[in-house]
Structure formats: structure tokens, C-alpha cells
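Okay, so here's the structure we're looking at.
The values are calculated or read from the model by the stated rules, or taken from the named source; none is laboratory data. Here the structure is a predicted model, which means the values were calculated and not measured. Cβ atoms come from the backbone with ideal geometry, glycine included; neighbour counts cover every protein chain shown. Quick note on the areas: whole protein, heavy atoms, side chains included, nothing else; ligands and nucleic acids left out. Shrake-Rupley method; radii C 1.70, N 1.55, O 1.52, S 1.80 Å.
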Amino acid sequence: MPEPSAPPDNLETEFVAEGYALSALVNLILVLADNKYFLGRRLSLWCPGGPSLESAVAAAALAQEELGHARALYPLLEELPLPEAPTPLQRGDERERHYVVSFLDDPLPTWPHVVAAMSLIDPALTVMFRALRECRYDDLRKRAARVPGEEEFHRKYADGRVRDLARTDGGRRELQARVDELLPEMLCWFGPDGERGVEELKAEGLLSMNSSELRETYLADVSPVLETAGITLATDDLPWDQWNQLQRRLER
């Protein structure tokens, strides 16, 4: 990746001149925007097909907010001094390469898939946004600061749907299968301990936690509701051999 020729006004010269941290920042913005975008797209497909009218209305509201978060992030790529970075017009579905978890590659086929995505993907994104609330890149910090508050309804709704599914043996089995499929990818999503890009972002005052701290915060956040519902969380033996660091996803 070429070194930028000049820093933007709202980034410190020392940071931009380093190079690697800038590349990691661009990657992080792409990852957050694409995951928000595709999560919104997948949820929107359930607007006419939810298990109840309430679910359909909620899916529409959640999808709209996720897509709104993505639209707020993509323009940041134009501010950064990297000519090859996608422009706001190149949304996730307009690029050949997607920076999105593999669970969102295709439409979510069942309601338990939707509940797993809301319960595991959305909280991971929120943990990352919280870690950006003191980011010294001002435009990103301002956007990141708004997201956790707007996600409070998403979380309450997702927790309720977990409890709904867990009320029956069949629903709990279906949700357990989806959690078993998705959780390893989300635990890898924060990167291996000591990952250079994450360490650079923390050292440069752009991210407040490293990979292991992000992962621990995430598990502390999602575990109580799922475990209370009888869902087992397997957190050992993560599939790092399938991990794509650039696109932050498993290659299945």
C-alpha cells in the first residue's frame, strides 16, 4: 500500500506519516461499513416474512438504522489520503471484494439465523464503536459516539427474540446450531492476540482496546442472555487457519 502524500486536516501528521496505522484504519472503516450494510440488507429481506407483524415491523426499523450507519461511514473513505479507497458510491454490493463476515454472504434463510445475527454480529460492531469513542480521528469519533445509543433498541429486541426461541426445545436447538456456526467467526473478528493492525490503532490513539480486550468485552456482553436461555458458548479452539485478516472473515 503506497504511503500517503499529505495528511488530511483532521488527522495528525505523525499518524499519517507512519503508514501502517492508516492502512489499518481504512480497513477498519471498510469492515464496519460493510458489515453494517450487509446486516441491514439481510434484515430488510425479513420485513415481509417475519414470524409476526411485530417482527416484520422491527426488521424494517432495524434494517433502516443499520443501513444508515453504513451510509455515515462510507464517506470517511474519501477523507483519507488513499486514492484506491472505495468512494461513497461503491457500497459493499458494488465492489467485488466484501469486508463482511461470511455469515452474511447470503440471505439469512431462517428466523434463528436472523436472531443469531442480531445477537452476535450487531453486538460485536457495537463493541468496536465503543472502542472508537475516544478516537483522535474526529469525524470517525463523532459517528462512533452515536451508534451505541442507537443500538439500545436493537439489543433489547434481539434479547427478547432469544428468549422467545428458547421457550421451546426446537427453537433452542435451532438457535444453538446457529450460534455454534457464527460465534467462532465473531470471536476471530477482533483479530488474534497481538495483531499488528489493532496494536497500531491503539498505540496511535485511534482505538481504546486491543484484540484480546475487545474479545473479552464482547463475550461479557453477549454471554449472559444467551447462557440464561440455555445456549452453550464454545470459546476455545478458534479456527484461525480459516481466518482472512484483511476482510475480517472466515474462508469456509
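Observations on the structure shown:
- Normalised contact order of region 118-221, rounded percent, pairs of Cα under 8 Å and 6 or more residues apart: 35
- Evaluating 6.51 cos²θ - 1.76 cosθ + 1.60 at θ = phi - 60° for every residue in region 209-223, the Karplus couplings come out as 9, 8, 4, 5, 5, 4, 5, 5, 5, 4, 5, 5, 7, 8, 5 Hz, glycine and proline recorded as x.
- For the pair Ser52 and Thr110, label points projected 7 Å from Cα toward Cβ lie 2.0 nm apart.
- A simple spin-label model places the labels of Ser212 and Phe153 3.9 nm from each other, with each point 7 Å out along Cα-to-Cβ.
- In order along region 40-45, phi translates into HN-Hα couplings of x, 4, 5, 5, 4, 5 Hz, rounded to whole numbers, per the Karplus curve 6.51 cos²θ - 1.76 cosθ + 1.60 with θ = phi - 60° and x for Gly and Pro.
- Annotation: amide H-H contacts under 5 Å for Arg249 (H modelled 1.01 Å from N, sequence separation of 5 or more, or interchain): Asn244.
- Contact order, relative form, for the chain: 22 percent (alpha carbon pairs under 8 Å, 6 or more residues apart, mean separation divided by residue count).
- Overall form of region 130-215 per C-alpha gyration tensor (a/c, 1.5; a/b vs b/c): oblate
- The packing ranking, built from the mean of other Cβ atoms within 10 Å per residue, places the peptides 51-62, 70-81 in the order 70-81, 51-62, highest first.
- Residue-wise HN-Hα couplings along region 128-139, as the Karplus relation 6.51 cos²θ - 1.76 cosθ + 1.60 with θ = phi - 60° gives them from phi, are 5, 4, 5, 6, 9, 5, 10, 4, 7, 7, 4, 5 Hz; Gly and Pro carry x.
- For the chain, the carbon plus sulfur part of the accessible surface works out to 50%, probe radius 1.4 Å.
- Under-5 Å amide H pairs with Leu207, H placed in peptide plane, nonlocal only: Lys202
- If the segment from Glu78 to Gln64 were pulled out straight at 0.36 nm per residue, it would be longer than the present Cα-Cα gap by 2.7 nm.
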